[in-house]
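Structure, as structure tokens:
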Amino acid sequence: MAQGLNQLPDYSWPNGYRAAVIFSIDVDAESPLQWAQRGKAVKTLGEMEQRRFGPRRGLARLVDLLAEFEAMGSFYVPGAVMEAYPWIVPGLLEIGHEVGLHGYYHEAMQTLDNAEFDDVMARSLMRFTQQGGTTPVGFRSPSWELAPHQIARIIRPEISYDSSLMGFDHPYRIEGLTEIPVHWSIDDAIFYRFFGGGRDTSPPTSPGALLDAWKWEFDSVVATRGLFMITVHPWMSGRAGRIEMLRQMFKHIREHKDVWWTTAADVARWHDSQHSNGQFDVVNTPVKTKF
């Protein structure tokens with residue numbers, strides 16, 4: 001670090017771990033398509049079927065892969081997906097996985113007014129509680145976007161953390177809300193999402209190339225004592241060749257005995273118990289563009 005620049009200390013993890021790994025799964029299924037076509041009949045059967053591959057096959061394959069490595073995952077499920085597939089939340093909770101909220105119809109949350117935002121949160125919480133018999137502790141905004149004022153609307157007794165933002169590469173707190181950060185470079189969607197029909201300008205990334213990229217990212221995160229938050233979607237990463245890629249990635253992670261593989265909820269609890277001195281707290285400073 002250059003002299004004179006503000007340098008925060010390295011993040012400290014429990015039990016001497018150098019870094020942490022979270023395997024997170026956004027179980028979107030067809031909910032983003034329902035949001036995009038809201039108020040209209042969905043006429044694109046190809047995309048609908050592609051997305052439904054997630055709950056039909058991809059989700060179970062990802063759960064089986066986690067079991068193979070005796071690891072737990074953090075799953076984020078929109079309310080509409082809970083409604084369409086009522087077995088998902090209780091099934092995941094029974095195994096011991098974490099399940100958090102992810103909007104209702106995978107809304108563009110930053111476009112909602114306060115009443116609409118609160119309604120989405122309330123309906124999602126109600127659906128989750130009905131199916132899971134408990135309340136979630138985590139929220140992830142669809143498409144990882146929020147309006148600045150919405151941080152305050154996420155904070156409520158049931159929710160102890162958010163996982164939508166990228167202000168650090170380890171946990172932090174923003175406007176009083178614990179943040180377990182994500183990053184696009186370790187999200188399968190920007191590499192695998194492909195619909196055809198002329199909408200895509202290039203083919204999806206090959207699993208081998210992505211494996212090399214993610215190994216590079218992981219090794220760099222460990223070297224800098226950060227958080228490696230993988231995010232996948234069952235309808236994309238649940239395909240057979242991509243499951244094998246993840247298997248090889250998991251083997252690489254397991255070679256590092258000094259890495260804590262856990263859930264977002266556990267990381268949030270660690271941060272709240274050990275990093276409450278404000279060292280990694282930030283505020284929403286308003287930004288205005290001048291022309």
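General observations
- Spherically averaged projected area of the convex hull of Cα atoms, the stretch 16-280: 14.0 nm².
- With at most 10 other Cβ atoms within 10 Å, longest stretch of the chain clear of loop GluC sites (Glu not before Pro) (DSSP): 71-254
- Across the stretch 193-232, Cα-Cα pairs farther apart than 17 Å form 47% of the total.
- Database remark: amide H of Arg173 closer than 5 angstrom to the amide H of Glu179, Asp281, Val282 (H placed geometrically; neighbours at sequence offset of 5 or more, or on other chains; Pro and chain starts carry no H).
- Neighbour counting of Cβ atoms within 10 Å sorts the residues Ser220, Ser237, Ser160, fewest neighbours leading, into Ser220, Ser160, Ser237.
- Ranked list, fewest to most other Cβ atoms within 10 Å of each Cβ, for Asp281, Asp113, Asp26, Asp187: Asp113, Asp281, Asp187, Asp26
- Neighbours of Pro234 by Cβ distance under 11 Å: Lys/Arg scored +1, Asp/Glu scored -1, total +4.
- Here the contact order of the chain, divided by its residue count and restricted to Cα pairs under 8 Å and six or more residues apart, works out to 28 percent.
- Along the stretch 87-104 the Karplus relation, 6.51 cos²θ - 1.76 cosθ + 1.60 evaluated at θ = phi - 60°, assigns HN-Hα couplings of 8, 5, 4, x, x, 5, 5, 4, 6, x, 6, 7, 10, x, 7, 8, x, 9 Hz to successive residues, with x for each Gly and Pro.
- Ile95, Ile180 arranged by Cβ crowding within 10 Å, fewest neighbours leading: Ile95, Ile180
- The calculated FRET efficiency for Arg269 paired with Asp64, based on their beta-carbon distance and R0 = 41 Å, is about 0.90.
- Extension gain, Thr205 to Asn114, is 28.9 nm, computed as 0.36 nm per intervening residue step minus the present C-alpha separation.
- For the stretch 1-72: rounded, prolate or oblate by the Cα gyration tensor [a/c cutoff 1.5]: oblate
- Check: the stretch 16-280 dipole with +1 on Lys, Arg Cβ and -1 on Asp, Glu Cβ, in debye: 500
- Alpha-carbon centroid distance for the pair the stretch 1-55 / the stretch 160-227, whole angstrom: 7
- Considering only Phe191, Tyr161, Ala71, and ranking their Cα positions along the charge dipole of the stretch 16-280 that arises from unit charges at the beta-carbon of Lys, Arg, Asp and Glu, the one farthest toward the positive end is Phe191.
Here, each number is a calculation from the coordinates, and none is a lab measurement. Just so it is clear, the structure is predicted and the values come from calculations on it, not from any experiment. Neighbour counts are summed over all protein chains in view; Cβ atoms, including those assigned to glycine, are modelled from backbone coordinates with ideal geometry.
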